[in-house]
Amino acid sequence: MTANSKATPRTENLEKNVPRHVAIIMDGNGRWAISRGLDVSEGHHAGYENIRRVVSDFANRGVEYLTLYAFSTENWDRPKSEVTGILDLAIAVIAREAQELHESGVRIKHLGRVDRLSPELRDELEQAVEMTAGNTGLTLGIAFDYGGRAEIVQAVRRIVEETVSADEVDEQKFAGFLYTSDMPDVDLLIRTGGDFRISNFLLWQTAYSEFYSSETWWPDFFGEHIDEAFEAFNERKRRFGKRV
Ligand code: IPE
Ligand code: IPE
Ligand code: MG
């Protein structure tokens, strides 16, 4: 996996209207597998291989923040064998890719709960996050055991624990307690697999994101599919509620 260690200059990105923060609901692994007569686990495997392929695609297009929805707080309710398979894949892929991502200047972040992860996955994630913390290239957010509602609830808990006074709490202060505290809001939210729903992803951070739904299942979403998403983004008029 290769990604530019130098971020594209911000002014150049603004001219080309490159979304600064892209978030992806990587959906459709199961249907990809079933349509080929394969086991769902093969779909997750192909999905993880696609992550490997696309990270550099986004970095090379000048995206500064890429957040991937890998496992939701609700996905624990799937069959145990499927859940275990996903955890094992995540461990293997992080272990295999972290060093190369580090060398290409990628900064890895984890978004989500850590207390329910297996110790192996927690260790791999922690090591990858620590190793890449000082990097200045693409920020890669891995949303694993992530739920938008859970994120908001943990923020409220921490605010209460830290006895922040009510009049100190405003939108900026609140955002500082989210997993994304050092990331900008999402510009472009992509969902693969054809559905038009948010499925508990980044509820706060997508308040004014442009939404793009692709029929393509996640394992096949690369190359020209990314170009199509960017073209669609370029045609959108973002108004943020204003009369423009
Ligand atoms: C997305 O693919 C991956 C996870 C939710 C972990 P799915 O497994 O949901 O694929 P479909 O929606 O069943 O096709
Ligand atoms: C969303 O996909 C979660 C991830 C991609 C990790 P799901 O397949 O879990 O979402 P629903 O069930 O279709 O809403
Ligand atoms: Mg799904």
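Worth pointing out:
- Only residues that are touching a helix residue (DSSP H, G or I) at 6+ places or on another chain (Cβ under 9 Å) and within 18 Å of R149 (Cα to Cα) were counted across the range 166-198, and they come to 11.
- Per-region count, the range 101-113, residues open to solvent by 70 Å² or more (accessible area, probe 1.4 Å) and within 26 Å of L178 (Cα to Cα): 1
- Some residue of the range 157-175 being modelled with pLDDT of 95 or more and within 21 Å of R78 (Cβ to Cβ): no
- Single residue of T136, T132 found to be among the β-branched types (V, I, T), modelled with pLDDT of 95 or more, over 16 Å from I91 (Cα atoms) and crowded, with 18+ Cβ neighbours inside 10 Å: T132
- Positions within the range 76-100 being open to solvent by less than 40 Å² (accessible area, probe 1.4 Å) and either among the hydrophobic types (A, V, I, L, M, F, W, C) or touching a residue at least 60 places away in the same chain (Cβ under 8 Å) (or both), in sequence order: V83, I86, L87, L89, A90, I91, V93, I94, E97, A98
- Yes/no for F174 being of a type in the set (A, V, I, L, M, F, W, C) and away from ligand 1 (no atom under 16 Å from the Cβ): yes
- From the list L101, L38, the one residue that fits, being more than 22 Å from S199 (Cβ to Cβ), part of a loop (DSSP other than H, G, I, E, B) and of a type in the set (A, V, I, L, M, F, W, C), is L38.
- Residue match in the range 107-114 (condition: away from ligand 3 (no atom under 16 Å from the Cβ), in contact with a Pro (Cβ under 7 Å, 6 or more places away or on another chain) and in contact (Cβ under 8 Å) with a residue 40 or more places away in the chain): no
The rows are residues; the columns are (1) more than 11 Å from ligand 2 (Cβ to nearest atom); (2) among the basic types (K, R); (3) within 12 Å of the chain's Cα centre (by Cα).
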residue: E42; (1), (2), (3): yes, no, no
residue: G62; (1), (2), (3): yes, no, no
residue: F71; (1), (2), (3): no, no, yes
residue: E74; (1), (2), (3): no, no, no
residue: S81; (1), (2), (3): yes, no, no
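- Here is the figure for the range 55-84: residues that are of a type in the set (V, I, T), away from ligand 3 (no atom under 16 Å from the Cβ) and part of a loop (DSSP other than H, G, I, E, B) total 1.
- If the condition is being open to solvent by 20 Å² or more (accessible area, probe 1.4 Å) and either out of contact with any strand residue (DSSP E or B) (no Cβ under 6 Å at 6 or more places or on another chain) or within 15 Å of ligand 1 (Cβ to nearest atom) (or both), then the range 60-75 contributes N60, R61, E64, A70, T73, E74, N75.
- When the criteria are applied in full, V22 meets the requirement of being modelled with pLDDT of 95 or more and within 16 Å of G141 (Cβ to Cβ).
- Enumerated helices (runs of 4 or more DSSP H) restricted to the range 135-244, each holding at least 2 residues that are touching a residue at least 40 places away in the same chain (Cβ under 8 Å) and among the charged types (D, E, K, R): 148-161
- Among (1) farther than 30 Å from A232 by Cβ; (2) surrounded by 13 or more Cβ atoms within 10 Å (Cβ to Cβ); (3) of a type outside the set (D, E); (4) touching a strand residue (DSSP E or B) at 6+ places or on another chain (Cβ under 9 Å) - the single one L189 does not satisfy: (1)
- Any pair with Cβ under 7 angstrom, 6 or more apart, that starts in the range 27-51 at a residue that is open to solvent by less than 60 Å² (accessible area, probe 1.4 Å) and ends at one that is among the β-branched types (V, I, T) and within 10 Å of ligand 2 (Cβ to nearest atom): D27/T192; G28/T192; H44/I86
The values are calculated or read from the model by the stated rules, or taken from the named source; none is laboratory data. Note that this is a predicted model, so its numbers are computed, not measured. Heads up, the Cβs are rebuilt from the backbone with ideal geometry, glycines too, and the neighbour counts pull from every protein chain shown. Remember, those area values only see protein heavy atoms, side chains included, never the ligands or the DNA or RNA. Shrake-Rupley method; radii C 1.70, N 1.55, O 1.52, S 1.80 Å.
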